[in-house]
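Enquirer: Here you go, one structure.
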Amino acid sequence: MVLTEEAKLYNYPFATMETDPAVVANENTIYSNINSTRQAKPSYLNDPVYGAGTQAGKVKNIVGSQKTGLGTKLKVMAGDSYNLRVVSGWTSGATPTSGSSSNVLTELLSSLSTGIAGQSGGKVTAAGLQLPGSGLSNAINSFLSS
């Protein structure tokens, strides 16, 4: 066994959402949901780094729409730090409304539990994490109610 205190810097590429086949192939190996969320950047999304003519990710809390944005799994070790850059925007001609918290809970629980179970080495299952009394379910309910 070798123990080390070596600090290793990982630089993940930007998820640019561009349509160039070489860029798409590279980004799809690192990020999920790129193809299902890509659209032309809307005019209301003001981003000084990326101007008009670029692509953006779009999610909507509507049945039949993509509700989860880009995703990736990062190896996290004690003492790690991350720098993230996210730009978001919202527009609507209607009064903003919130979705049903039970739908959000179900979808969030499903998404998180599947990822956790896949990395657990068989110690937990997605179905076990989705049970109403599981710690994950209780934590999400607590988060949504506060």
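Quick note: the coordinates plus some simple rules give every number you see, no bench work behind them. Quick caveat, the model's predicted, so the values are computed rather than measured. Every residue, glycine among them, receives a Cβ derived from its backbone with ideal geometry; neighbour counts consider all protein chains shown.
Enquirer: Starting with the highest mean, order 134-146, 26-38 by the number of other Cβ atoms within 10 Å, averaged over the residues of each peptide.
Expert: On the way: 134-146: 12.5, 26-38: 16.1.
The densest-packed peptide leads the list: 26-38, 134-146.
Enquirer: Under a straight-distance cross-link criterion of Cα-Cα below 21 Å, which lysines are reachable from Lys58, leaving out those fewer than 8 residues away in the same chain?
Expert: Lys58 reaches Lys41, Lys67, Lys73.
Enquirer: Which of rounded, prolate or oblate describes region 1-96 when judged by the alpha-carbon gyration tensor and an a/c cut-off of 1.5?
Expert: Values: a/c = 2.12, a/b = 1.93, b/c = 1.10.
It is prolate, given that a/c is not under 1.5 and a/b is the larger ratio.
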